[in-house]
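K.L.:
Structure incoming, see below.
Read-outs: derived from the displayed coordinates by stated rules, not from any lab. It should be emphasised that the depicted structure is a prediction, and the values quoted were computed from it without experimental measurement. Methodologically, a virtual Cβ is constructed for each residue, glycine included, from the backbone with ideal geometry; neighbour enumeration extends over all protein chains shown.
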Amino acid sequence: MVDQQRCWPKIDHYIGILGDRYTGKTSIIKSILKQGCTDHFNTYFGLAFILKTQPQGLEKPVKFLFFDPEEGGTLRLLNPKLIEKMSLTIVAYDVMSRESFDHIDFWVNSVKNQIASKLVLVIGNKIDMKVKNRAVKYEEAQEKCLKLNCFYIELSAKTTLHIHAMLSSIICLSKTDAKKRLPN
């Protein structure tokens, strides 16, 4: 039997990305890859696994494992042990699509019912599009995320605008969440 500890390097953050079809989930992951080298990119039974190493100044590099269920996929596809390790889940929507925004509640509730950490980062994608075509204003999305007890950031997977900020936010949010879970 293969020792799985030797097959995979130590991962700092396990992150799933969920949302409606055509919200740019896979494009977000591809944009992450544009931000630097990746160690692995594999597709396995409808899931894309990406191992990304992010340098953090003088600190040791941070290793992320992103997984992207197939189109329309949910957390049901994931191994329960992988779900347990998730430090954060991304829920993506398209700022040009009212329908994908309205479905954020469904995705966030799915996460909060299945994952121990329950830390959710909602991403409004496609901000590179014309402002007049936006179906969802920043303030409306921010307000909804506050009500759902989620964090919010907007980015463009196409231009990679705010991708680095998203990675930094994930590191910061995960560190804060880990400190909260430490025994007193």
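K.L.:
Ranked from highest to lowest mean number of other Cβ atoms within 10 Å per residue, what is the order of the peptides 16-27, 80-91, 135-146, 102-113?
P.N.:
Ranked by mean Cβ neighbours within 10 Å, highest first: 16-27, 80-91, 102-113, 135-146.
K.L.:
Give me the number: length gained by fully extending Tyr138 to Arg21, i.e. 0.36 nm times residue separation minus the C-alpha to C-alpha distance, one decimal in nm.
P.N.:
Gain in length upon complete extension: 40.0 nm.
K.L.:
Still on this structure: Would you mind checking Lys60/Lys81; Lys25/Lys60; Lys112/Lys147 for any pair whose Cα atoms are more than 20 angstrom apart?
P.N.:
Lys60/Lys81; Lys25/Lys60
K.L.:
Any chance you could run the full-extension gain for Leu146 through Val131? It's 0.36 nm times the residue separation minus the Cα-Cα distance, nm to one decimal.
P.N.:
Length gained, Leu146 through Val131: 3.1 nm.
K.L.:
Here's another thing I want to ask about it. As a footprinting exposure proxy, order Lys126, Lys63 by other Cβ within 10 Å, with the fewest listed first.
P.N.:
With the sparsest Cβ surroundings first, the list reads Lys63, Lys126.
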